[in-house]
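Here the structure is laid out as structure tokens; the discussion comes afterwards.
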Amino acid sequence: MAGGGDGRQGGTSSSSSHELSGQLEGILADREAPWARRASKAAMIELRLLAPIAAPAVVVYVLNNVLSISTQIFSGHLGNLELAASSLGNNGIQVFAYGLMLGMGSAVETLCGQAYGAHRYEMLGIYLQRSTILLVAVGVPLSVIYAFSEPILVFLGESPEIAKAAAVFVYGLIPQVFAYAANFPIQKFLQAQSIVSPSAYISAATLAVHLVLGWLVVYRFGMGLLGASLVLSLSWWIIVAAQFLYIVTSERCRRTWTGLSCRAFSGLPEFLKLSTASAVMLCLETWYFQVLVLIAGLLDNPQLALDSLTVCMTLAGWVFMISIGFNAAASVRVGNELGAGHPRAAAFSVVVVTALSFVITLAMAVVFLVFRDYLSYIFTEGETVARAVSDLCPLLAATLILNGIQPVLSGVAVGWQKLVAYINVGCYYFVGIPLGILLGFKFHLGAKGIWTGMLGGTCMQTLILFWITFRTDWDKEVEEARKRLNQWEDNKQPLLLVPSD
């Protein structure tokens, strides 16, 4: 743990959070008070604890997603082929790495949240370094996949013309893979301490730089698809550098970042096991709709199918970032409460976060339905694409609502990652995709049929997750959190220390 100079701001903030957490558990444990009074008081406290995490986290994920959206808009206004190519590259290849890296980084969120709740602050920096080491190692084979994206896409049956253009876009995203490897652990490290606003400011500033550079590189310098993706990679590295600079210089991280340590290399197999379990859950969600894009490329009119799905999937991905933000908040809140030994507060936090995410995504679904005839013009011109997008909007709305619930429930899967992974595989890949292929090709419903079938799998999976969460023994989860912290904590000193003054 860091020395005497903890930083008054960070100490005061953490003390206040721990005090509110204790009050929340006490209110929920008071069986003599009426249920409605307990629920209202508990909700007010939970919102006070949740808002400083969830609001900036949602902003961070939404702004970071706008980086990709704006890149696709720049590409789309070069032509319909470029829009289809950037969609295939972004949603067909890049999402593969995004889901894997974000999913593996989610393990850091759970563990850091538990360590912070248990006042074992020095372990947060160790978890951050362990995760970064693992993700950088994973980035190497991912880069190879990126390099061979054109033959891979052609092998999967995509149009050679679109595959060739998509590969050019993907080549510029290779540096982004390693930016992901550093960014997601850093974000989770900060979020576990309820330090989220700095990331939001950094993302906002980076987005402004990205928009200017993107316009210059794509249109003024004429670098096309490759230029668009290279600017996107550069923007992610700006975010990483700025966040790390904040960590090593901020008073709020003095107790949790004690410098580089050789302890980061210990316990890697166990850490990899937990990270992989977390990654499987989120990857199966993100890759599921990635498969929708790949299958759509096999339809009779692949360019129209890809263009219309690009618009819908990009918007769905943007709103999905809201749920991912709540996923992050849920992981932090539940991890903090489990680490502090508060089972009732952990369970109540799940209810509040899920309800908030559902209400927000429901509102967004209504907005998209109202403006369904105009959404496509944000990305490209043409009435044909506009009609196709309008036709898919009811499915888009249903997807938004389900995705407002499922990621949050996955974010609190502290002790049952493997079970959820099996459920996801069964619902998505043995129900949703086969049903989608059947409706899309056998019954000639096209993209609408593929999407309808896959929604069936998502609906089944969400209902099962509801049941599992309802049946969770939170007292047992508290004990598991304690065991995990005791297993991975040791007394070795860091290799390099940050001065305490």
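The values are calculated or read from the model by the stated rules, or taken from the named source; none is laboratory data. Because the structure is a prediction, the values reported are computed rather than measured. Cβ sites come from the backbone with ideal geometry, for glycine too, and all protein chains shown count toward neighbours. We work out accessible area using only protein heavy atoms, side chains counted, and drop any ligands, DNA or RNA first. Shrake-Rupley method; radii C 1.70, N 1.55, O 1.52, S 1.80 Å.
By the equivalent-ellipsoid construction on the alpha carbon gyration tensor, the range 382-475 comes out with semi-axes of 31, 15, 8 Å, ordered largest to smallest.
I'd like the distance separating the alpha-carbon centroids of the range 118-145 and the range 39-64, in whole Å. Centre-to-centre distance over Cα atoms comes out at 26 Å. When only Cα pairs below 8 angstrom with a gap of at least 6 residues are kept, the range 106-250 shows a relative contact order of 29 percent.
Applying 1/(1 + (r/R0)^6) with r as the Cβ-Cβ distance of ASP391 and SER250 and R0 = 51 angstrom yields a FRET efficiency of 0.55. For the range 102-216, just say rounded, prolate or oblate: build the C-alpha gyration tensor, square-root its eigenvalues into a ≥ b ≥ c, call rounded for a/c under 1.5, and beyond that prolate if a/b exceeds b/c, oblate if not. Oblate shape, in that a/c is at least 1.5 and b/c is the bigger or equal ratio. Here LYS483 is the anchor, and the aspartates and glutamates within straight C-alpha reach of less than 20 Å, apart from those fewer than 8 places off in the same chain, are GLU109, GLU122, GLU270, GLU337, ASP473, ASP475. Under a straight-distance cross-link criterion of Cα-Cα below 13 Å, which aspartates and glutamates are reachable from LYS41, leaving out those fewer than 8 residues away in the same chain? Within the straight-line limit of under 13 Å, LYS41 reaches these aspartates and glutamates: GLU25, ASP30.
Measuring nothing but how far apart in sequence close Cα pairs (under 8 Å, 6+ apart) lie, relative to its length, the chain scores a relative contact order of 23 percent.
With a ≥ b ≥ c the root eigenvalues of the C-alpha gyration tensor of the range 47-266, is it rounded (a/c under 1.5), prolate (a/b larger than b/c) or oblate? In terms of gyration-tensor shape, prolate.
With a probe of 1.4 Å, find how much accessible area the chain has per residue, and write the answer as a whole number in Å².
Working: 19410 Å² over 501 residues.
I get 39 Å² per residue for the chain.
Span-like helices, the chain: DSSP H, alpha-carbon axial extent 15 Å or more, mean Kyte-Doolittle 1.6 or greater, which ones? Don't skip to the end; give the middle numbers.
Details: long enough: 8-29 (31 Å, -0.50); 35-76 (54 Å, 0.86); 95-117 (32 Å, 0.92); 122-147 (39 Å, 1.38); 160-171 (16 Å, 1.05); 174-192 (29 Å, 0.54); 197-215 (27 Å, 1.11); 224-249 (38 Å, 1.79); 268-296 (39 Å, 1.31); 302-339 (50 Å, 0.94); 343-370 (42 Å, 2.20); 383-403 (29 Å, 1.09); 446-471 (39 Å, 0.77); 474-488 (21 Å, -1.99).
Flagged H segments are 224-249, 343-370.
For the chain, the C-alpha radius of gyration sits at 0.96 times the compact-globule guess of 2.2 N^0.38 Å, with N the residue count. Considering all C-alpha pairs of the range 43-98, those separated by over 18 Å amount to 50%. Secondary-structure-derived ellipticity at 222 nm for the chain, considering helices only, amounts to -26500 deg cm²/dmol, per-run term -39500 (n - 2.57) for DSSP H runs with n ≥ 4. Multiplying the residue separation of HIS119 and TYR219 by 0.36 nm and removing their Cα-Cα distance gives an extension gain of 30.8 nm. Under 16 Å from the 7 Å Cα→Cβ point of PHE430, by amide nitrogen: which residues of the range 465-483? Backbone N within reach: 465. Only aspartates and glutamates eight or more places from LYS164 in sequence, or on another chain, were considered; those with a Cα closer than 12 Å are GLU82, GLU150.
Measuring nothing but protein heavy atoms, the accessible surface of the range 272-485 at 1.4 Å probe radius is 70 percent carbon and sulfur. Where q = 0.10, 0.16 Å⁻¹, what log10 of I(q)/I(0) comes from the Debye formula for the range 272-485, counting one point per Cα? The Debye formula, applied to the Cα set alone, gives -0.47, -1.02.
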